[in-house]
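Novice: Dropping the structure in here first, questions after.
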Amino acid sequence: MFYEQIREWQPRLSDSVWASFGEVDVERALARETLRPQDLAVLLSPAAQSYLEPMAQKAQALTIRNFGRTIGLFTPLYLANYCSNQCVYCSFHAGNEIVRCKLTIEQVIKEGKAISSTGLQHLLLLTGESRTQSGPAYMEECVHALRPMFASLGLEVYPLSTEEYRRLYEAGIDSVTLFQETYDEIIYAEVHPAGPKRNYHYRLEAPERACAAGISAVNIGALLGLSDWRQDAFFSALHADYLQRAYPGVEVALSVPRLRPYSGSFNPTAAPVTDALLVQIILAYRLFLPRAGLTLSTRESPQMRENLLPLGITRMSAGALTSVGGYSETDNVGSAQFEIADERSVP
């Protein structure tokens, strides 16, 4: 299990260790054809911040070699925003007084048609984490309704069992996205004080259950800025490497979401992830994982997304809305999960 690697590495990632790396370490890491976890740590360290240009050149070459110059586009469709959790950083928090709703199958079809009419053919289905309001059976119904309209369907919901993932795979789900939020077990407990999501280990092992169920692609990551970003970036990449090795037939990808404004009052104590630091993370990911997909969402501004594209991004969201029922202007539009920064529509 991947948790064993977390236990092995976490004591070795103190502030003093990050500060101990120097220019020689960065240059050695850049010279390697295949990077080790130690090299990943070096590329995430303060010493690497003055090497972003050579890192970018190598990252761009690796991306073109493995992915060409193609960027995959997808759009998210929120099916419901009911939630049983009390995540302190999320608008869907069970205690927040927001407009809650759940799409009927008829509304799901209407939303699907509205999205499909834009030409987008890859859809990511999302719900709040409520088994009562949006259980696996409801998801299956939605998948059956939408499958004929789209080339691929992904799922970003609460952690499921292997059998539940298998049923959704058989219904037509191609990919699963699931963020650990933070790999720091102590911080994880603090920001998830109540609800099923409090189970750190069940969430951590979910991507592997999806792989075992036959899902062809998994996308993981941490919510950058929730905890120490260097540790979370390191363990996100190490987790992706673990999945690639354990399931070589599965396409593994990483997302780089940063905290965004939402309906709540949580103020993280961790240092924010600046634009320059986000660039460093993306470059380190690409150099450590040349064959992993890198996903960018509309959490980032249009200018930032355009600047990041050449650095290793292979997939990005487009025409995105984070509210329930927003694409077809249905009457019951639910509150959004977070504010997006890129509000451009698809022509």
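Novice: Please verify whether the stretch 213-224 includes one or more residues that are crowded, with 19+ Cβ neighbours inside 10 Å and polar (S, T, N, Q).
Specialist: yes
Novice: Surrounded by fewer than 19 Cβ atoms within 10 Å (Cβ to Cβ), outside any strand (DSSP E or B) and basic (K, R), is that true of R167?
Specialist: Yes; evaluated as a whole, the condition is true for this residue.
Novice: Here are the criteria: (1) within 21 Å of V26 (Cβ to Cβ); (2) in contact with a Lys or Arg (Cβ under 7 Å, 6 or more places away or on another chain). Tell me which single one G293 does not satisfy.
Specialist: The number of the failed condition is (1).
Novice: Here is a further query. Could you tell me which residue of the stretch 1-31 is farthest from the chain's Cα centre (by Cα), considering only residues that are part of a helix (DSSP H, G or I) and aliphatic (A, V, I, L, M)?
Specialist: Looking at residues that are part of a helix (DSSP H, G or I) and aliphatic (A, V, I, L, M), I get V24.
Novice: Quick test of your reading of the structure: A61 fulfils all but one of (1) farther than 17 Å from A237 by Cα; (2) surrounded by fewer than 21 Cβ atoms within 10 Å (Cβ to Cβ); (3) in contact with a helix residue (DSSP H, G or I) (Cβ under 8 Å, 6 or more places away or on another chain). Name the failing condition by number.
Specialist: All conditions pass for A61, except number (3).
Novice: Mind checking which helices (runs of 4 or more DSSP H) fall wholly inside the stretch 195-305 and carry at least 3 residues that are under 29 Å from R69 (Cα atoms)?
Specialist: Once the helices (runs of 4 or more DSSP H) in the stretch 195-305 are filtered for at least 3 residues that are under 29 Å from R69 (Cα atoms), what remains is 206-212, 229-246, 275-288.
Novice: Right, something else. Could you please let me know if G214 is farther than 22 Å from S317 by Cβ and in contact with a Lys or Arg (Cβ under 7 Å, 6 or more places away or on another chain)?
Specialist: Yes; evaluated as a whole, the condition is true for this residue.
Novice: If you don't mind, there's one more thing I want to ask. Out of curiosity, is L309 in contact (Cβ under 8 Å) with a residue 60 or more places away in the chain and under 18 Å from the mean Cα position of the chain (by Cα)?
Specialist: yes
Novice: Condition (residue is in contact (Cβ under 8 Å) with a residue 40 or more places away in the chain and touching a Ser or Thr at 6+ places or on another chain (Cβ under 7 Å)) applied to the stretch 236-248: is it met by at least one residue?
Specialist: Looking for residues that are in contact (Cβ under 8 Å) with a residue 40 or more places away in the chain and touching a Ser or Thr at 6+ places or on another chain (Cβ under 7 Å), one finds none in the stretch 236-248, hence no.
Novice: Can you work out which of the residues in the stretch 306-330 that are of a type in the set (A, V, I, L, M, F, W, C) and part of a loop (DSSP other than H, G, I, E, B) is modelled with the highest pLDDT?
Specialist: I313
Novice: Going by what's in this entry, would Q5 be described as modelled with pLDDT of 95 or more, under 25 Å from R315 (Cβ atoms) and surrounded by 11 or more Cβ atoms within 10 Å (Cβ to Cβ)?
Specialist: Here the answer is no, as Q5 does not meet what is asked.
Novice: For S116, only one of the following conditions fails: (1) loosely packed, with under 15 Cβ neighbours inside 10 Å; (2) over 24 Å from G195 (Cβ atoms); (3) without any contact (Cβ under 8 Å) to a residue 40 or more places away in the chain. What is its number?
Specialist: S116 satisfies every listed condition except (1).
Novice: Does S84 qualify as being surrounded by fewer than 19 Cβ atoms within 10 Å (Cβ to Cβ) and either more than 30 Å from D228 (Cα to Cα) or among the small types (G, A, S) (or both)?
Specialist: yes
Novice: Which is closer than 25 Å to L296 by Cα and in a helix (DSSP H, G or I), of Y188, Y158?
Specialist: The unique qualifying residue is Y188.
The values are calculated or read from the model by the stated rules, or taken from the named source; none is laboratory data. Note that the structure is predicted; figures quoted are calculated from it, not measured. Reconstructed Cβ throughout: ideal geometry from the backbone, glycine too, with neighbour counts over all protein chains shown.
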